[in-house]
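Heads up, the thing below is written out as structure tokens.
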Amino acid sequence: MSAHRQSQPRRDIPSPTTGQTPQHVAFIMDGNGRWARARSLPVLAGHRAGAESVRRCIHAAIEHGVQYLTLYAFSSENWRRTPQEVYDLTTLLRFYLRHRVAELHAQGVRLRMIGDMDRFEPGLREEMTRAEGLTRHNTRLTLVLALSYGGRADIVQAARRMAEAGARGEVDLASADEADLSRYLQTDGMPDPDLVVRTSGECRLSNFLLWQCAYAELAFLDVLWPDFDETHFATLMTDFAGRERRFGGRTG
């Protein structure tokens, strides 16, 4: 994505780059339901198959040296789905938090959650806290799960928090810039995504990391998420390495 060139370089925009491995890759995992329906299976079967694709994606990210992997696992809009599907999704999430976190820990993966966790029931929130605590000191890969997450809500809460900090005298709101607001987003401390990928052939961001994706490279794949594998990931890395990222400037 491009932006207008400015007379003075902004301190939150990197220099032009090409031929690099992305530091942060974010996925909009789409197509579980369509995958299941194409096989005359319940939607839950698609979500289970999608969970296996998550494991492949994590393994591929580690192999390629990606440092941050963010997965749009449950959007704020997903609460509008049928009560049965919401129940199935949260039950599957609880299972993986209980039974797969040890595997992530052994791989050196740090787990981090972003989103409105208060909408989940207390027992599930405890599982999330336990998983984050167990893996807190791991450094091989940071796996970020966006749960009950919405990009617009993230920006609104960041603006509210910064305004409250301004009222306390902690921030000079008159001179605040984009980098200041970024520190109040839920992704504070993380680099913005270098590459955002959506599967299933849809070409939209669906309220995902809207602020953070301002300069991300975008890739839309005509493959359903349960069919995504290490080969697709490798192709994405090759494609990214060939892109020239100018961040609104010019080279040469």
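All of the numbers you see were taken from the coordinates with simple rules; none came from a lab. This is a predicted model, so every value here is computed, not measured. All Cβ positions, glycine included, derive from the backbone under ideal geometry; neighbour counts span all protein chains shown.
A simple charge model with +1 on the Cβ of Lys and Arg, -1 on the Cβ of Asp and Glu and nothing else charged puts the dipole of segment 71-198 at about 500 debye relative to its Cα centre.
Using only side-chain charges placed at the Cβ, +1 for Lys and Arg and -1 for Asp and Glu, the dipole size of the chain relative to its Cα centre rounds to 140 debye. Share of Cα-Cα pairs in segment 163-218 beyond 13 Å, in percent? Roughly 66 percent, rounded to a whole number.
Distance between the pseudo-spin-label points of ARG56 and LEU134 (7 Å out from Cα toward the beta carbon): 2.5 nm. Each other residue within a Cβ distance under 12 Å of GLU127 adds +1 if Lys or Arg and -1 if Asp or Glu, for a net charge of +2.
Counting only Cβ charges, +1 for Lys and Arg and -1 for Asp and Glu, the dipole size of segment 84-138 around its Cα centre is about 300 debye. Please name which of LEU97, ALA165, PHE240 has its Cα lying farthest along the dipole of the chain towards the positive end, using unit charges on Cβ (Lys, Arg +1; Asp, Glu -1) and the Cα centre as origin. Checking the options against the dipole of the chain, the answer is LEU97. The mean of 1/r over all distinct Cα pairs in the chain, once inverted, gives the Kirkwood hydrodynamic radius of 19.3 Å. Within the shell of other residues whose beta carbon sits under 10 angstrom from the beta carbon of LEU224, the net charge comes to -2, with Lys and Arg scored +1 and Asp and Glu -1. Once the Cα atoms of helix 230-241 and of the chain are each reduced to a long axis, what angle between those two axes, in degrees from 0 to 90 to the nearest 10, is obtained? It works out to around 10 degrees.
Which residue, chosen from ILE155, GLN107, GLY50, occupies the Cα position most advanced towards the positive end of the dipole of the chain, where the dipole is computed from +1 (Lys, Arg) and -1 (Asp, Glu) charges on Cβ about the Cα centre? Among ILE155, GLN107, GLY50, the one farthest towards the positive end of the dipole of the chain is GLY50. Charged neighbours of PHE240, selected by a Cβ distance under 14 Å, balance to -2 (K, R count +1; D, E count -1). Applied to segment 157-167, the Karplus parametrisation 6.51 cos²θ - 1.76 cosθ + 1.60 on θ = phi - 60° returns per-residue 3J(HN,Hα) values of 5, 5, 5, 5, 5, 5, 5, 5, 5, x, 5 Hz, with x for Gly and Pro.
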